[in-house]
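The values are calculated or read from the model by the stated rules, or taken from the named source; none is laboratory data. This is a predicted model, so every value here is computed, not measured. Backbone-built Cβ (ideal geometry, glycine too); neighbour counts: all protein chains shown. Remember, those area values only see protein heavy atoms, side chains included, never the ligands or the DNA or RNA. Shrake-Rupley method; radii C 1.70, N 1.55, O 1.52, S 1.80 Å.
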Amino acid sequence: MKCENYVKLSFPALSRNESYARAAVGAFVSQLDPTVDELGSVKAAVSEAVTNCVVHAYSECETVGSINITARIKDEEVYIKITDKGCGIEDVKKAMEPLFTTKPELERSGLGFAVMESFTDNLKVRSRKDKGTTVTMEKIIKR
């Protein structure tokens, strides 16, 4: 895909970096002059994806892993890819079911993927056990 512009971010999978990811991707997307709702949707979807990485991807690791984000703009579309090298998701289809959670003891609602789907125009999740997860989101910004 030939794109007009892109940005790459990499940071530790720490909860305190969720707001950074949301703000950085939001600032990047702002060049398309999105509506407040469109910008809020992108930021909410990114926040959910990063939260999933922080809570699930590296929870069994003794060291802090990293989260990588690539955001690309082509015409009126934003493509956002969020990756980790964590434990992976055993059953992606099951994990994407609303209210499914592997962390009920943490009072997780199990709505992360449902929120991402509701705020984007296209959502894809690829994961391999012990290799990591890639969440790809597309959002059309109507000008």
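Looking at segment 39-46, is at least one residue within 24 Å of Asp130 (Cβ to Cβ) and among the aliphatic types (A, V, I, L, M)? Please lay out each step first, then the result.
So in segment 39-46, the residues within 24 Å of Asp130 (Cβ to Cβ) come out as none.
No, because not a single residue in segment 39-46 is within 24 Å of Asp130 (Cβ to Cβ) and among the aliphatic types (A, V, I, L, M).
Number of residues in segment 92-143 that are at pLDDT below 85, in contact with a strand residue (DSSP E or B) (Cβ under 8 Å, 6 or more places away or on another chain) and part of a helix (DSSP H, G or I): the value is 3.
If a residue must be open to solvent by 20 Å² or more (accessible area, probe 1.4 Å) and under 13 Å from Ile80 (Cα atoms), how many such residues does segment 17-26 contain? Selection size over segment 17-26: 2.
Just a yes or no: is a residue in segment 34-44 assigned to a helix (DSSP H, G or I), at pLDDT below 95, within 13 Å of the chain's Cα centre (by Cα) and not small (Gly, Ala, Ser)? Checking segment 34-44: not a single residue is assigned to a helix (DSSP H, G or I), at pLDDT below 95, within 13 Å of the chain's Cα centre (by Cα) and not small (Gly, Ala, Ser). One residue stands out among those in segment 60-80 that are closer than 16 Å to Lys131 by Cα and touching a residue at least 40 places away in the same chain (Cβ under 8 Å): the one that is surrounded by the fewest Cβ atoms within 10 Å (Cβ to Cβ), which is Val64.
Residue pairs whose Cβ atoms lie under 7 Å apart, separated by 6 or more positions or on different chains, with the first residue in segment 89-102 and open to solvent by less than 70 Å² (accessible area, probe 1.4 Å) and the second modelled with pLDDT of 75 or more and not in a helix (DSSP H, G or I), are Ile89/Ser127; Ile89/Thr133; Val92/Val125; Val92/Ser127; Ala95/Ile89; Met96/Val125.
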